[in-house]
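Right, one structure below, let's go through it.
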Amino acid sequence: MASTPNYSPASPQRNLQKSTPHDTSHSLDVRKQLRTHGLLPPSVESHALQAQRCLKQLASKTSPIEKYIYLSTLRNTNTHLFYRVLLENFNLTTKTLTPVVYTPVVGLYVSWKDRGNIVNVLRNWPKPKVEITVVTDGSRILGLGDLGVNGMGIPVGKLTLYTGCAGIRPENTLPLCLDLGTNNEAFLKDPLYLGTRMKKVTDAEEKEFLDELMVALNTVWPGIVVQFEDFKNPFPALERYQHEYSCFNDDIQGTGAVILAGIINALKTTGKPAKDQRAVFIGAGSAGVGVAKQIVEFFQKEGLTEDEARQCFWFVDTKGLITNDRGDKLAQHKVYFSRDDNDGQQFKTLEQVVDYVKPTMLLGLSTIRGVFNESILKKMAQMNEQPIIFPLSNPSSNAECSFEEAVKHTGGKCVFASGSPWPPYLYNGKVMQPSQGNNVYVFPGIGLGAILSKAVHISQEMIYASAVALSKATNASEINHGKLYPDLDRIREVSVIVCREVIKEAQRQGLDRETSMRGKSDEELDAWIRSRMYDPYKEHGVVEEKVAGSPLKKSLL
Ligand SMILES: NC(=O)c1ccc[n+]([C@@H]2O[C@H](COP(=O)([O-])OP(=O)(O)OC[C@H]3O[C@@H](n4cnc5c(N)ncnc54)[C@H](O)[C@@H]3O)[C@@H](O)[C@H]2O)c1
Ligand SMILES: O=C(O)C[C@H](O)C(=O)O
Ligand SMILES: [Mg+2]
């Protein structure tokens with residue numbers, strides 16, 4: 001539970017400006033002024049009691065969709081309360097806020113037929129000041145595949161995290177879903193499908209559309225930060241725009257940064273240096289290649305040449321080990337890690353590759369549940385004192401293995417991080433705590449850093465700086481408990497650290513147009529960042545229990 005800052009109740013005047021009219025924390029006087037007297041239940045409640053009621057109502061919802069709709073409604077009708085509930089119960093986010101949605105949500109849909117007119121569609125968005133947008137074409141949502149416009153829950157969920165974790169004002173965020181068709185036959189046949197009923201456009205057509213979109217976004221909101229999310233073929237757009245606009249791809253770069261931070265800490269845990277590492281990846285998509293390239297950069301800073309670093313990686317995709325002489329035409333993004341030292345040998349399965357490579361680390365970004373099976377995990381434990389096991393596919397139903405499976409089959413020796421959350425596991429009388437290498441540790445800080453520094457673009461060095469910052473953000477207690485990442489309830493503190501280092505890198509490279517904070521100390525920069533973060537407690541005050549000493553009604557939980 002995040003500690004609630006001890007702010008005095010905001011003055012009714014400030015309350016009137018900032019809070020929502022139907023807030024049951026309003027006194028009778030305030031209600032009379034707002035003319036809501038009688039429109040609300042009579043009891044005047046503390047904010048804590050309001051939040052408790054939300055949790056109880058949420059717990060009564062049985063399905064993820066019901067929970068999502070409840071929280072979406074709360075977010076749209078009582079923003080401050082929503083973010084207080086979120087910040088005080090952070091574990092809700094990953095399970096509740098980003099499910100697949102089949103109902104219209106608050107966001108902007110831009111369709112293929114809007115070509116030539118995208119700027120006018122953007123101008124329909126009711127908020128004048130947009131600082132950041134998360135855009136998806138719905139073509140690869142988590143490990144769930146092509147969901148077309150049903151993928152809008154991801155931009156909405158991620159922007160909620162930008163606000164909750166980095167204090168980017170909710171009204172300054174824009175969830176954006178591109179309606180460019182879908183190859184999901186079930187949706188094309190579903191009369192309730194909310195998107196244009198057409199096959200997905202070609203890559204060339206999507207390029208043309210994105211070119212217009214980026215110009216339109218920067219016409220309406222100059223300098224807007226654009227985060228690309230869950231595109232099936234994300235590399236071309238990133239290469240095209242990353243040096244022209246303030247943008248990044250979270251699946252490639254965000255994942256690269258968050259997992260690099262975990263690997264830096266994993267190597268500290270095992271004590272085995274970069275030069276002795278042998279990494280096997282299953283999954284050679286945007287995330288897998290993005291992660292490996294980020295680790296290559298780290299290995300080079302550890303003293304390896306680029307080629308020596310690259311040689312530490314072996315990739316497995318649907319056809320087995322990726323080699324130059326496998327006989328198929330490799331997608332461009334796979335070529336960099338394709339092996340040329342296999343002496344003509346080809347390996348079809350992950351287990352064959354594990355036997356061949358004898359890896360020190362196993363990373364899964366494949367969407368294939370259970371592919372880190374018992375036999376493979378046991379071999380990893382035989383080959384390594386402390387095998388590094390990172391099953392990173394989301395959601396949990398797609399994870400390469402669970403935390404329990406990893407601990408059990410490596411005899412409690414694994415150094416573990418996953419993409420989705422897993423419960424602690426009791427093993428040999430010891431409660432083992434899993435680490436979660438979720439992008440939420442970095443993308444909020446990257447986005448806030450780009451916004452506050454007004455960076456002309458988000459350089460690879462700024463992304464790398466976010467990874468190193470995160471790796472150093474774990475405190476002594478977390479390290480003592482074997483954690484590779486900070487506790488999630490420290491996420492706002494972590495986002496300040498990540499944001500600060502991203503801004504400093506932008507300043508170092510002269511990419512910042514906001515130059516007032518150049519040369520400031522870390523403490524000064526942190527204070528400046530915090531002063532710009534939306535904080536529901538500050539904005540909405542904290543109305544305590546009226547009757548001194550009355551315990552909060554536990555029955556509501
Ligand atoms: N930090 C995180 O938690 C995080 C971040 C980004 C992505 N992810 C997850 O990583 C997974 C992959 O994301 P992506 O964007 O790279 O997707 P992608 O579709 O681009 O890549 C998936 C890759 O997995 C491989 N693959 C698929 N089926 C396989 C099989 N049967 N055998 C071997 N290889 C197979 C293919 O090489 C494919 O390229 C998803 O589950 C996504 O949710 C997690
Ligand atoms: O960042 C996440 O939580 C999800 C990730 O972007 C993914 O595609 O799995
Ligand atoms: Mg993603």
Of residues in region 163-177 being modelled with pLDDT of 95 or more and in a helix (DSSP H, G or I), the one farthest from residue 75 (Cα to Cα): 166
Residue selected from region 210-220 under the condition touching a residue at least 60 places away in the same chain (Cβ under 8 Å) and crowded, with 19+ Cβ neighbours inside 10 Å, by the criterion farthest from ligand 3 (Cβ to nearest atom): 216
Single match in 463, 446, 388 (criterion: more than 16 Å from ligand 2 (Cβ to nearest atom), under 25 Å from residue 296 (Cα atoms) and surrounded by 24 or more Cβ atoms within 10 Å (Cβ to Cβ)): 388
Matching residues, region 264-290, being of a type in the set (D, E, K, R) and assigned to a helix (DSSP H, G or I): 268, 275, 276
Qualifying residue in region 518-531 (condition: surrounded by 13 or more Cβ atoms within 10 Å (Cβ to Cβ) and modelled with pLDDT under 95): no
Candidate set: region 118-153, residues that are part of a helix (DSSP H, G or I) and either in contact with an Asp or Glu (Cβ under 8 Å, 6 or more places away or on another chain) or free of Cβ contacts under 8 Å to residues at least 40 places away in the same chain (or both); chosen: the one nearest to ligand 1 (Cβ to nearest atom): 151
Any hit, region 246-254, residues being away from ligand 2 (no atom under 15 Å from the Cβ) and of a type in the set (Phe, Trp, Tyr): no
Among (1) part of a helix (DSSP H, G or I); (2) at pLDDT 95 or above; (3) among the β-branched types (Val, Ile, Thr); (4) over 17 Å from the mean Cα position of the chain (by Cα) - the single one residue 479 does not satisfy: (2)
Candidate set from region 391-412 (those that are without any contact (Cβ under 8 Å) to a residue 60 or more places away in the chain and surrounded by fewer than 17 Cβ atoms within 10 Å (Cβ to Cβ)); member that is nearest to the chain's Cα centre (by Cα): 404
Residue in region 257-283 that is surrounded by the fewest Cβ atoms within 10 Å (Cβ to Cβ), counting only those that are within 21 Å of residue 369 (Cα to Cα) and within 16 Å of ligand 3 (Cβ to nearest atom): 283
Condition met for residue 223 (of a type outside the set (Phe, Trp, Tyr), in contact (Cβ under 8 Å) with a residue 12 or more places away in the chain and within 9 Å of ligand 1 (Cβ to nearest atom)): no
Complete set of residues in region 330-353 that are in contact (Cβ under 8 Å) with a residue 40 or more places away in the chain, within 22 Å of residue 308 (Cβ to Cβ) and assigned to a helix (DSSP H, G or I): 333, 334, 353
Single unsatisfied condition, residue 261 versus (1) within 16 Å of ligand 2 (Cβ to nearest atom); (2) part of a helix (DSSP H, G or I); (3) more than 25 Å from residue 435 (Cα to Cα): (3)
Among (1) in a loop (DSSP other than H, G, I, E, B); (2) within 22 Å of the chain's Cα centre (by Cα); (3) surrounded by fewer than 18 Cβ atoms within 10 Å (Cβ to Cβ), the one test that residue 230 misses: (3)
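Yes or no, residue by residue, for (1) within 22 Å of residue 156 (Cβ to Cβ); (2) free of Cβ contacts under 8 Å to residues at least 24 places away in the same chain; (3) in a helix (DSSP H, G or I); (4) within 16 Å of ligand 3 (Cβ to nearest atom):
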{"site": "420", "(1), (2), (3), (4)": "yes, no, no, yes"}
{"site": "423", "(1), (2), (3), (4)": "no, yes, no, no"}
{"site": "426", "(1), (2), (3), (4)": "no, yes, no, no"}
{"site": "446", "(1), (2), (3), (4)": "yes, no, yes, yes"}
{"site": "450", "(1), (2), (3), (4)": "yes, no, yes, no"}
{"site": "461", "(1), (2), (3), (4)": "no, no, yes, no"}
{"site": "466", "(1), (2), (3), (4)": "no, no, yes, no"}
Qualifying residue in region 157-170 (condition: surrounded by fewer than 20 Cβ atoms within 10 Å (Cβ to Cβ) and in contact with a strand residue (DSSP E or B) (Cβ under 6 Å, 6 or more places away or on another chain)): no
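The values are calculated or read from the model by the stated rules, or taken from the named source; none is laboratory data. Because the structure is a prediction, the values reported are computed rather than measured. We place every Cβ from the backbone using ideal geometry, glycine too, and count neighbours over all the protein chains shown.
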